[in-house]
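The values are calculated or read from the model by the stated rules, or taken from the named source; none is laboratory data. The structure displayed is predicted, hence computed values, not measured ones. A quick note on method: Cβ atoms are made from the backbone with ideal geometry, for glycine too, and the neighbour counts reach across all protein chains shown. For accessibility, only protein heavy atoms count, side chains too; no ligands or nucleic acids. Shrake-Rupley method; radii C 1.70, N 1.55, O 1.52, S 1.80 Å.
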Amino acid sequence: MPISTCKAVLFDIDGTLADTNYLHVDAWLQAFMDIDHPVDAWRVHRAIGMDSAKLLETLLGDEAERLGDAAKDRHAVHYAAERGRMRRFIGALELLREIAGRGVQVVLATSAPQEEFDMLVEVLEAGDVVSTVTTGEDVETAKPAPDVVQVALEKAGVSADEAVMVGDASWDVEACGRAGVRCIGVLSGGYGAAELRDAGAVAVYDDVAALLAGLDDSPLFTR
């Protein structure tokens with residue numbers, strides 16, 4: 001049986017385990033319309049996964065300080081309304097179970113606010129295989145800052161070279177690079193393979209189902 005190359009696998013959730021990135025895009029689009037500051041959808045998508053303060057600064061510019069709080073509040077309302085459309089990706093739960101079954105810790109490493117995290121956990125239904133988690137309450141600054149990754153390492157009790165992260169955005173890869181953690185990219189969040197590799201991803205898969213199918217030959221295991 002292949003040998004694990006790590007003691008813990010850190011998983012981003014939005015766009016990686018759960019098909020929620022475009023729900024976030026839609027929620028932000030509606031939020032910006034609510035505050036009379038429309039933003040192009042492609043610009044919103046490019047910012048998904050980024051620290052919310054940086055996202056608002058990027059998308060609202062000089063108006064971020066004045067309109068940011070209202071935009072966040074409206075986003076929360078619209079995103080919560082999408083609960084019925086949230087779903088985990090095919091293969092997500094099976095991948096988590098397989099990794100845990102091989103004796104490797106499964107860590108959910110996200111900076112999502114607690115209310116969003118609670119919805120995501122319901123969607124994943126993976127509580128029995130998850131070793132530990134991070135949420136927005138654990139960090140002051142989200143990706144691409146390394147804080148989330150570093151806190152996840154501390155909670156899992158492993159060093160940077162004993163962990164691998166799986167994420168969908170260049171922000172995930174950049175955060176891992178700053179923390180000294182290898183990162184596997186997946187395309188399910190809408191970022192391109194070249195962009196993920198350029199950011200430093202050690203491998204790129206279409207989605208978690210593809211990673212599961214090729215698990216024995218992935219950076220997570222060695223023969």
Result of the Cβ filter at 7 Å on the stretch 26-48, keeping first residues that are part of a helix (DSSP H, G or I) and partners that are modelled with pLDDT under 95 and of a type in the set (A, V, I, L, M, F, W, C), at least 6 apart or interchain, is 47/55
Quiz item: Looking at this structure, is residue 13 open to solvent by 80 Å² or more (accessible area, probe 1.4 Å) and under 30 Å from residue 130 (Cβ atoms)?
Solution: no
Across (1) out of contact with any strand residue (DSSP E or B) (no Cβ under 6 Å at 6 or more places or on another chain); (2) open to solvent by 20 Å² or more (accessible area, probe 1.4 Å), residue 219 clears everything bar (1)
Given (1) closer than 20 Å to residue 149 by Cβ; (2) touching a Gly at 6+ places or on another chain (Cβ under 6 Å), residue 212 misses just (1)
Among 197, 223, the single one that is more than 22 Å from residue 154 (Cβ to Cβ), of a type outside the set (Gly, Ala, Ser) and at pLDDT below 95 is 223
For the stretch 199-214, the count of residues that are farther than 24 Å from residue 45 by Cβ and either in contact with a Lys or Arg (Cβ under 9 Å, 6 or more places away or on another chain) or open to solvent by 30 Å² or more (accessible area, probe 1.4 Å) (or both) equals 3
Checked 215, 153 against criteria (among the hydrophobic types (A, V, I, L, M, F, W, C) and closer than 18 Å to residue 93 by Cβ); the one match is 215
A careful count of residues in the stretch 72-102 that are out of contact with any Asp or Glu (no Cβ under 8 Å at 6 or more places or on another chain) and either touching a residue at least 60 places away in the same chain (Cβ under 8 Å) or farther than 15 Å from residue 13 by Cβ (or both) gives 17
Per the list (1) over 24 Å from residue 173 (Cα atoms); (2) under 17 Å from the mean Cα position of the chain (by Cα), residue check on residue 83 breaks on (2)
Within the stretch 36-79, the count of residues that are within 20 Å of the chain's Cα centre (by Cα), farther than 12 Å from residue 24 by Cβ and small (Gly, Ala, Ser) comes to 1
